[in-house]
Amino acid sequence: MALMLDLAAQGAQMSLVLALAPGLLGLTRKIKARLLRRRGPPIVQPYRDLAKLLRKEAVVAENASWLFRSAPYMIFVATWVAASLIPTFATGLIFSWTADLIAITALLGSARFFLALVGMDVGTSFGGIGSSREAMFATLAEPAMIMISFTVALIAGSTQLSSVAEHMLSHLELRVSLGLALFGLIIVALAENARIPVDNPATHLELTMVHEAMILEYSGRHLAVIEMAAALKLLLYVSLAACIFAPWGLAPPGAGPLFWAIGVVAYLFKLLAGGCMLAVFETSIAKMRVFRVPELLGAALMLGFLGVLLLFVSRSL
Amino acid sequence: MPLALALWYVAGLLVLSVAAIAMRGLPRASAIVYAACGAIAFALLFGAAQRLIAFPDATARLTLPLGLPWIGARFRLDALSCFFLVVINLGAVGACLYAIGYGAHEKEPGRILPFFPAFVAGMNCVVVADDAFTFLVSWEFMSLASWALVLAHHDEAENRRAGFVYIVMASLGATALLLAFGLLAGPSGGYDFATIAATPRPEWLAGLVVVLALVGAGSKAGLAPLHVWLPLAHPAAPSHVSALMSGAMTKVAVYGFIRIVFDLVGPVQLWWSVVMMLLGAGSAVLGVMFAAIERDLKRLLAYSTIENIGVVFTGLGLAMAFKANNIEWAAALAFSAALLHVLNHSLFKSLLFFGAGAVLGATGLRDIEKLGGLIHRMPRSSFAMLGAAMAISALPPLNGFVSEWLLFQAVLVSPALPQWGLKLMTPAVGAALALAAALGAAAFVRMFGIVYLGRPRSPAAIKATETDPWSLAAMFLVLALCLSLGVAPGLVLDAIAPVAHALIGARLPEQSTMAWLTVAPIAEARSSYNGLLVFAFIAISTLTAIEVIHRFGSRAIRRASAWDCGFPNDDPATQYTASSFAQPIRRVFGNIVFSARENVDMPAPGDSRAAHLTVETTDRIWSWIYEPLTGAINRIATSINRLQFLTIRGYLSLVFAALVALLLTVATWR
């Protein structure tokens, strides 16, 4: 019985991230539009888009390979598994020890690996430019993420996110290194989710685009699955920041459904706050030239590195 | 497997090598030789693995009346030898299976067949040698056999140059090892490993031995700055030999280093670990950056070998730092991570070279700028290569990720080190490893994307066909091993544990007792990874997603021409090329590492000739170390050259002067 409940909680987490991800995207778009004094599409618009795309036939280029048709699922699943391993409403779920923060970063790396590959599958120049730039960003964003993981792991004494969240809850304190890690994480999250100032999620046909260039050839259900993966990735980074830097409301391991309900409500508030902050940030800043981005990501890497270095020097910083 | 049996197998390989000369003319000679070689390697592999699991702590010794009459040849089999026997023979079995099919392409099999079993025998001998003499003779045997294989296609000038650079560097390495063993033996002249290990020696002498071992074994393994021969020689050999050189021979070098530093030389000193970590992390970053911009498919893989050897040496350096501070459990963690990476790298690098060989056999091309679209014409081998590319990019749930992850865990326990210098250095090493891993992923996205995806860029790539079933069998066998090591790494870690226990004095906690094959190197609450569950999650979620979408959404597919923003162009030259893919990476890191320079030749307005963009990249190590060195050697040789043209009087006085100088030396020495 207890096992069934544990499995149900884990299943609930998987469904929760899947159900909320397009909503977060819709919310962000709505707030952005309001900030620009536009009415904006309704929050449920991403759900409608997905439903529409799923029902349409997929148009596939004549010379596309089997990888072109299977990679969207790999991208989606790797992101989904990564997103459902991050504590959202409760810590210590039954499969939470499957992968730690480093493994979650690597799972996102798997998703990116396939995304960059399919950009090159049809053999168009747009796909190649997107893949090439994505690969370049990743060479800096991934080590930055690892360094941020190191900072967090050294403070909490664990790379397991459940343990990290519990540690953060029980040792509430302001640390220089944590601040650096938060800054780094924000930069990495912006780059990884193709947000302004790194990439513009609202454009097609722009020479500086990255993410959209890779998926230009996709349509129908394949596009839906990739869009879903992108939404999940945004949700993942918001949940990650919430789990590490604002773990309040997370149900402790072994807690009952009541705590879980509290956890879900708290999580919804965190997503709301994350969406608002992202929208405000995006409307207040301009997009960067593509070769300025490595400097930004290099800064994230240095921030993470500095955080680790401070912790190696003194455990209390 | 008793030691004597292992030596019989090695003798069998040598006999096979002689028999291969006799079988030169036979039509199926290559299939017979490779099958026999593979069978013997499999017997060695099975025996070593069984011994490693059943009798991990047993050490067998044997002296044979070979070699120098008053010494004999000593051999031994302990946990470390067994582990490396597994690595070598796993690579050999794969290479033989592959070569049964691939060897048929060979124009002159007589240049390869005799040397191939000899090469395998040499590698096996190195890891079972128990005295300096046997070790060095086997080492040289291995070097020379592989050198002959590098020169198998000697009619190409590039290969002759590779062979020359290789033999020079191999001689340098062997000299360094010879001197190292000379210093190890000490005044009493005991050259067997047991005596060497029991002899105490001053700290400076031990340090000197380690530096020499680093030059000797490091040059064979491809550690920067001694790596220059590797990207020349490994690609020059036939592909199954390249696989064996990159997958197994570099590991023999790692064995030599581990044997000398962790076993023979005595207590570990701290500064060794600093040198090791700097060299290792430097090699990792340097190697992978060159891999990320390289155009030659096999050379790209060779550069990536340098990266992985760097990762292994970084792990060994961390283990040494922990061991010097008597933090044995952490040393065991770093050491096990390094050994697991040795095994992992030997697997996926073999597979990658097999795939490169298949491409080479199908198209005759190694330049990736001329390939493309091979996924349509070589669907099976491209699938295997995709798996290998994922594994080497350290992506879960494959095996490369596990060793990378363990290494990161080892870096994370390094605040336990008391020294300030190490405290400041280990995070930098960790960052370098993370950078190398990320660049590795970019390099292999580029490799796979340019070679297998897109549209064919040359007529040869259009006409490519799938490779033979033997090669495919070898590739899928190795791919299966990569996946199983990725989902059940705990079983291998348990098999490695006795090796760590013998050399470090501590072992990782037993992994097979963990639920669901989880790996938890320190404690589960601290860090754990479960490849099996990640794999299961991915598999189940993928199937569910596909089923749900196909059932409730649409499953219709319509083929149409590519969209490309409304401007599709049929010319394959409009695709992104390998060089353009690497351009952002070259621009971000280029000035520091490659001293890359772009020259644009833009015609004046009205001039109708084509514009040209040329990119120059140079390996700074060549220009900073090797060119001055070869220049100096040339100058000295030229000035000594004058001695060839002396008169008879001149020669006689030279002989006299030499005699006087020698006598004086002897007189002052006494």
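The values are calculated or read from the model by the stated rules, or taken from the named source; none is laboratory data. These figures come from a predicted structure and were not determined experimentally. Note that we place each Cβ from the backbone using ideal geometry, even for glycine, and neighbour counts take in every protein chain shown. Please note that ligands, DNA and RNA were not included when accessible areas were found on the heavy atoms of the full protein model with its side chains. Shrake-Rupley method; radii C 1.70, N 1.55, O 1.52, S 1.80 Å.
Values for this structure:
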item: Convex hull per residue volume in Å³, alpha carbons only, for the stretch A:92-183; result: 97
item: Qualifying GluC sites (Glu not before Pro) in the stretch B:126-198, DSSP loop, other Cβ atoms within 10 Å at most 15; result: B:Glu156
item: Simple label model, 7 Å out from Cα along Cβ direction - A:Ser15 to B:Ala539, nm; result: 2.5
item: Cα pair distances of the stretch B:620-669 binned at 10 Å [whole percent]; result: 22, 25, 27, 20, 6
item: Potential lengthening between B:Ile648 and B:Thr618 on full extension [0.36 nm per residue; Cα-Cα distance subtracted]; result: 6.0 nm
item: P(r) histogram, all alpha-carbon pairs of chain B included - 20 Å bins from 0, percent; result: 17, 50, 27, 5, 0, 0
item: Descending principal axes extents, the stretch A:133-202, alpha-carbon based, whole Å; result: 40, 21, 20
item: Contour minus Cα-Cα distance for B:Trp8 and B:Asn591 (0.36 nm per residue); result: 204.5 nm
item: Cα centroid separation, the stretch A:79-149 to the stretch B:242-277 (Å); result: 33
item: From the C-alpha gyration tensor of the stretch B:289-329, square roots of 5λ in Å; result: 33, 7, 5
item: Rg to Rh, two decimals, where the stretch B:1-133 supplies the alpha carbon set and Rh follows Kirkwood; result: 1.02
item: Label point distance in nm, B:Phe552-B:Thr668, each placed 7 Å from Cα along Cα→Cβ; result: 9.2
item: Cα gyration tensor of the stretch B:398-452 - equivalent ellipsoid semi-axes, whole Å, descending; result: 30, 12, 4
item: Projected label distance in nm at A:Leu169 and A:Ala246, using a 7 Å step from Cα toward the beta-carbon; result: 1.7
item: Relative frequency of Cα-Cα separations exceeding 15 Å in the stretch A:218-257, percent; result: 59
item: GNM flexibility winner over chain A from A:Ile155, A:Ile102, A:Ile285 (Cα, springs under 10 Å); result: A:Ile285
item: Once the Cα gyration tensor of the stretch B:142-297 is diagonalised, semi-axes √(5λ) in Å; result: 31, 18, 11
item: Area buried, chain A against chain B - accessible surface, total, 1.4 angstrom probe, square angstrom; result: 7100
item: Lysines whose Cα lies under 16 Å from that of A:Lys287, excluding same-chain neighbours fewer than 8 positions away; result: A:Lys32
item: 17 Å cut-off, amide nitrogen to a point 7 angstrom out along B:Ile633 Cα→Cβ, residues in the stretch B:280-310; result: none
item: Spatial separation of Cα centroids for the stretch B:51-92 and the stretch B:166-200, in angstrom; result: 18
item: Cβ-derived FRET efficiency at R0 45 Å, B:Ile625 paired with A:Ala299, nearest 0.05; result: 0.85
item: Enclosed volume per residue, in Å³, of the convex hull spanned by Cα atoms of the stretch B:300-548; result: 135
item: Protein-only accessible surface order, largest first, of B:Ser541, A:Ser284 at 1.4 Å; result: A:Ser284, B:Ser541
item: Cα-derived Rg over Rh, computed across the protein assembly as shown with Rh taken as Kirkwood radius; result: 0.99
item: B:Asp571 accessible area, 1.4 Å probe, all protein chains in place, Å² to nearest 10; result: 80
item: Hits among aspartates and glutamates - C-alpha to C-alpha of B:Lys220 under 17 Å, sequence gap 8 or more where chains match; result: B:Glu140, B:Glu307
item: The stretch A:156-198 and the stretch B:602-670: distance between their alpha carbon centers, rounded to Å; result: 56
item: Residue-normalised accessible area of chain B, given per residue in Å² at a 1.4 Å probe; result: 38
item: Carbon/sulfur fraction of accessible area - the stretch B:620-669, other protein chains in place, 1.4 Å, %; result: 75
item: Global size of the stretch A:2-313 as Cα Rg and Dmax, reported in angstrom; result: 19.1, 58
item: Most mobile listed residue (A:Met228, A:Met136, A:Met74) in chain A, GNM with C-alpha springs under 10 Å; result: A:Met136
item: DSSP beta bridge pairing in the protein assembly as shown, given as percent antiparallel to the nearest 5; result: 75
item: Relative contact order for chain A, counting Cα pairs under 8 Å that sit 6 or more residues apart, in percent; result: 30
item: Heavy-atom accessible area order for B:His154, B:His612, B:His227, A:His167, largest first, 1.4 Å probe; result: B:His612, B:His154, A:His167, B:His227
item: Protein accessible area in the stretch A:2-313, 1.4 Å probe - carbon and sulfur %; result: 70
item: Residue-averaged [θ]222 nm for chain A, counting only DSSP H segments that reach four residues, each worth -39500 (n - 2.57); result: -24000 deg cm²/dmol
item: Near-label residues of the stretch B:365-400 by backbone N, under 18 Å of a point 7 Å along Cα→Cβ of B:Glu156; result: B:365-372
item: Per-residue [θ]222 nm for chain B (sum of -39500 (n - 2.57) over DSSP H runs n ≥ 4, rounded to 500); result: -22500 deg cm²/dmol
